[in-house]
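This report refers to the structure that appears directly beneath it.
The values are calculated or read from the model by the stated rules, or taken from the named source; none is laboratory data. Small disclaimer: the values here were computed from a predicted structure and weren't measured. Cβ: placed from backbone, ideal geometry, glycine included. Neighbour counts: every protein chain shown. These area figures cover heavy atoms from the full protein model, side chains too; ligands, DNA and RNA do not enter into them. Shrake-Rupley method; radii C 1.70, N 1.55, O 1.52, S 1.80 Å.
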Amino acid sequence: MGSHSVRTSAPQDAGAGAAAGAALVPDPARPAGRTLLVEGVEQSYVDPTDPRYLRFDYVRRMASVLDLAAAPGAPLRVLHLGGGALTLPRYVAATRPGSTQLVVELDGVLMDLVTRELPPPPEVRVRIADARQAVGWEPDCRYDAVLLDVYQGARMPVHLTTVEFAAEVSRVLRPDGLLAVNLTDLPPLAFSRTQVTTLRRVFAEVCLIAARQMMNARRYGNVVLAAARTPGRLPVARLAARAARDRVPGRVLAGAELATFAGTGRPARDAG
């Protein structure tokens with residue numbers, strides 16, 4: 001294990017060894033760029049020599065939440081649930097020097113590969129653990145931002161989709177803290193609608209950021225949800241402006257428009 005990593009107990013049947021088919025593939029267009037493939041599927045992209053370069057649109061949308069979380073350059077305390085190629089931890093280290101960052105990733109084999117071949121900045125700590133378990137270990141009001149991007153194959157683990165888990169995330173956020181969640185979904189975006197309803201049970205404000213094609217329910221892709229504990233804390237107008245300017249133009253749903261999108265379904269809850 002690399003010097004950045006700390007091993008802790010984790011369920012062995014929840015994805016351990018999933019990186020047996022993982023590889024960091026060079027990008028012919030960028031000498032230092034690498035695509036993380038797991039079982040042949042793109043999971044992350046990173047250019048360690050230019051950590052501000054974010055190839056995937058959903059990563060840029062999550063980064064916009066971080067960019068607007070505090071004054072430019074101000075350090076943040078960030079909890080990353082899901083590691084990948086450590087793209088956003090590197091981005092935070094470059095754009096907000098002095099930030100304190102903890103990455104929680106269940107797959108120790110994957111983190112061995114990434115930290116060995118593409119060592120992260122020294123201030124980025126990696127903990128090998130289940131995301132929900134790790135959140136439970138954290139004290140109240142510790143983080144300025146929590147980023148959730150955890151998948152087993154094409155699915156987010158069910159225990160990370162519930163009201164009870166959202167309440168735990170809210171607990172570790174500071175009163176003005178922000179949450180950003182990456183979802184993958186397909187028409188008619190039923191999972192996204194349920195997750196909006198789930199977060200709205202816990203957080204004072206929620207908004208949705210996605211490509212316009214996704215909002216027209218035309219294709220499989222990514223949806224980013226942002227949430228805040230405090231009313232008025234989400235910079236909705238600025239997030240919308242950033243999404244509209246992106247090279248994959250997006251839009252933001254909030255307030256009554258988001259409530260209409262979510263519909264009347266029930267939130268997800270822990271079984272039993």
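I want the local charge near ASP27. Using Cβ-Cβ distances under 10 Å, sum +1 for each Lys or Arg and -1 for each Asp or Glu among the other residues.
Within the 10 Å Cβ shell, the charges total +2.
Which is the longest run of the chain containing none of the GluC sites (Glu not before Pro) found in DSSP loop states (not H, G, I, E, B) with at most 16 other C-beta atoms within 10 Å?
Result, exposed sites excluded: 124-272.
Along Cα→Cβ, 7 Å out, is where each label goes; now give me the distance between the ones at ALA271 and ARG77 in nm to one decimal.
Simple spin-label model gives 3.5 nm for this pair.
Write down, largest first, the equivalent ellipsoid semi-axes of the range 17-90 in whole Å, where each equals the square root of 5 times an eigenvalue of the alpha-carbon gyration tensor.
So the three semi-axes of the range 17-90 are 24, 15, 10 Å.
Amide H neighbours of LEU173 under 5 Å, counting only residues 5+ apart in sequence or on other chains, H built in-plane at 1.01 Å?
Amide H neighbours of LEU173: CYS141, ARG142, TYR143.
List the trypsin sites (Lys or Arg not before Pro) in the range 189-245 that DSSP assigns to loop (not H, G, I, E or B) and whose Cβ has at most 13 other Cβ atoms within 10 Å. Which are they?
Qualifying residues, ordered by number: ARG218, ARG219.
For a distance above 15 Å, tell me the whole-number percent of Cα pairs in the range 226-270 that qualify.
Roughly 57 percent, once rounded to a whole number.
Find how many whole Å separate the alpha carbon centroid of the range 192-247 from the alpha carbon centroid of the range 39-96.
Cα centres, the range 39-96 to the range 192-247: 17 Å.
I'd like the antiparallel share, as a percent to the nearest 5, of DSSP beta bridges with both residues in the chain.
If we restrict to bridges inside the chain, about 60 percent are antiparallel.
Could you list which residues have their amide H under 5 Å from that of ALA129, counting only those 5 or more apart in sequence or on another chain, with H placed in the peptide plane?
Placed amide hydrogens put GLU105, LEU106 under 5 Å from ALA129.
Share of Cα-Cα pairs in the range 70-215 beyond 22 Å, in percent?
When all Cα pairs of the range 70-215 are counted, 41 percent exceed 22 Å.
Mind checking the angle between helix 57-67 and the chain's longest principal axis? C-alpha axes, 0 to 90 degrees, to the nearest 10.
Relative to the chain, helix 57-67 is tipped by roughly 80 degrees.
Give me the net charge for the shell around LEU68: Cβ to Cβ below 10 angstrom, other residues only, Lys and Arg +1, Asp and Glu -1.
Neighbourhood net charge equals +1.
Using a Förster distance of 30 angstrom, determine the FRET efficiency expected from the C-beta separation of GLU123 and VAL41, and round it to 0.05.
0.50
For the chain, which whole-number percentage of the solvent-accessible area (1.4 Å probe, protein heavy atoms only) is attributable to carbon and sulfur atoms?
So the carbon and sulfur contribution to the accessible surface is 53 percent.
Cα atoms only: what Rg and Dmax, in Å, come out for the chain?
When restricted to Cα atoms, the chain yields Rg and Dmax of 17.4, 51 Å.
Please report the net charge: other residues with Cβ closer than 13 Å to the Cβ of THR230, K and R +1, D and E -1.
Charge balance near THR230 sits at 0.
Probe of 1.4 angstrom, ligands and nucleic acids ignored: what's the accessible area per residue over the chain, in square angstrom?
Accessible surface, normalised per residue, equals 43 Å².
Could you grab the relative contact order for the chain? Cα pairs under 8 Å, six or more apart, rounded to a whole percent.
Rounded, it is 17 percent for the chain.
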